[in-house]
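Only one structure is covered here, and it is reproduced in the block below.
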Amino acid sequence: MIWDWNYTVEILPVLAQASIVTIEATLLSFAIALVLGLVLALLRTSGSYVGWLTSAFVELVRSTPLLIQIFFLFFVLPRLGIVLDAFVAGIIALSLHYGCYCSEVYRAGLEAVPRGQWEACTALNLSTWSMFKRIILPQAIPPIVPALGNYLVALFKDTPLLSAIAVLELVQTAKVLGSDNFRYTEPMTIVGLTFLVLSLVSAAGIRWLEKRLNRRSVR
């Protein structure tokens with residue numbers, strides 16, 4: 001038989017449990033990447049050595065493969081005395097990698113804010129916190145939501161790379177099930193459909209958020 005429904009029903013709970021690991025890795029990594037990306041973007045706007053060093057770090061991370069970064073954190077750092085759990089190493093790698101990409105998106109959003117807005121904040125003697133919270137970020141964030149959303153979907157589809165360090169996420173679990181029973185059709189098909197559905201749900205959520213922020217900015 002090409003498709004065994006009994007086997008499908010048997011493996012569904014196992015794959016559902018593994019999907020939770022995938023979703024947790026995605027959400028945790030992206031939440032950290034959003035915050036890290038904003039911090040990096042703000043540091044890059046400074047004209048000091050901090051800005052130069054931040055730019056060098058961002059370019060270094062963006063110019064090297066994510067898989068190499070995962071291997072470095074999990075296999076190389078222990079030689080320096082820093083031992084990380086596989087899941088933690090994966091979260092850090094995903095967060096750093098996509099945080100650097102998000103920083104470029106944030107930087108583009110910040111640079112798109114009219115210069116007059118920055119000058120007005122200075123003229124009103126607003127604190128840095130008030131300036132970004134009340135004036136700059138509300139104008140910079142809405143236009144870049146689609147780009148950030150694209151990185152969310154891309155990060156979600158990159159979580160299978162964690163299987164390289166034995167994290168039992170969705171794809172790794174499907175591979176184990178397939179090797180145990182020599183049936184790959186059912187688990188891999190279910191995994192592909194799961195990624196498709198969750199990616200479409202994420203995209204729909206991003207579009208909803210974009211429309212909501214645009215309506216708020218119009219008001």
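Kindly indicate which of L53, L84, L77 is modelled with pLDDT under 95 and within 30 Å of G109 (Cβ to Cβ). Going through L53, L84, L77 in turn, the sole match is L53. Whenever a residue of the range 164-177 is of a type in the set (V, I, T) and surrounded by fewer than 20 Cβ atoms within 10 Å (Cβ to Cβ), its partners that are modelled with pLDDT under 90 and not in a helix (DSSP H, G or I), lying with C-beta atoms within less than 9 angstrom and at least six residues away or across chains, give the pairs V176/L168. The one condition from (1) touching a helix residue (DSSP H, G or I) at 6+ places or on another chain (Cβ under 8 Å); (2) assigned to a helix (DSSP H, G or I); (3) under 20 Å from T45 (Cα atoms); (4) not basic (K, R) that L126 does not meet is (2). Checked against (1) surrounded by 14 or more Cβ atoms within 10 Å (Cβ to Cβ); (2) in contact with a Leu (Cβ under 8 Å, 6 or more places away or on another chain), V83 passes all but condition (1). Among the numbered conditions (1) in contact with a Gly (Cβ under 9 Å, 6 or more places away or on another chain); (2) of a type in the set (V, I, T); (3) in a helix (DSSP H, G or I), the only one that V191 does not meet is (1).
For the range 155-173, a residue qualifies if it is farther than 12 Å from L66 by Cα and of a type in the set (A, V, I, L, M), and the qualifying residues are I165, A166, V167, L168, L170, V171. Within the range 107-118, residues that are farther than 23 Å from L34 by Cα reach partners that are of a type outside the set (A, V, I, L, M) and in a helix (DSSP H, G or I) with beta carbons closer than 7 Å, at six or more positions or on different chains, in the pairs Q117/Q139.
Evaluated against (1) buried (at least 17 other Cβ atoms within 10 Å of the Cβ); (2) without any contact (Cβ under 8 Å) to a residue 24 or more places away in the chain; (3) among the aliphatic types (A, V, I, L, M); (4) within 27 Å of A164 (Cβ to Cβ), L43 falls short on exactly one condition, (4).
Since E59 meets every condition but one in (1) part of a loop (DSSP other than H, G, I, E, B); (2) within 18 Å of the chain's Cα centre (by Cα), which condition does it not meet? Against the list (1) part of a loop (DSSP other than H, G, I, E, B); (2) within 18 Å of the chain's Cα centre (by Cα), E59 comes up short only on (1).
Does E186 fit the bill of being within 29 Å of T8 (Cβ to Cβ), among the acidic types (D, E) and surrounded by 13 or more Cβ atoms within 10 Å (Cβ to Cβ)? Break it down into steps so the answer makes sense when it comes.
Details: within 29 Å of T8 (Cβ to Cβ): yes; among the acidic types (D, E): yes; surrounded by 13 or more Cβ atoms within 10 Å (Cβ to Cβ): yes.
Yes; evaluated as a whole, the condition is true for this residue.
Only one of the listed residues (S19, S29) is under 27 Å from L162 (Cβ atoms) and modelled with pLDDT of 95 or more. That residue is S29. Within the range 125-162, if we keep just the residues that are surrounded by fewer than 19 Cβ atoms within 10 Å (Cβ to Cβ) and among the polar types (S, T, N, Q), the residue that is modelled with the lowest pLDDT turns out to be T128.
Name the residues in the range 154-179 that are part of a helix (DSSP H, G or I), among the β-branched types (V, I, T), closer than 26 Å to Y7 by Cβ and within 19 Å of the chain's Cα centre (by Cα), would you? Correct list: T159, V171.
Taking the conditions (1) surrounded by 13 or more Cβ atoms within 10 Å (Cβ to Cβ); (2) without any contact (Cβ under 8 Å) to a residue 60 or more places away in the chain in turn, T122 satisfies each one other than (1).
The values are calculated or read from the model by the stated rules, or taken from the named source; none is laboratory data. Everything quoted here is computed from the prediction, not taken from an experiment. Reconstructed Cβ throughout: ideal geometry from the backbone, glycine too, with neighbour counts over all protein chains shown.
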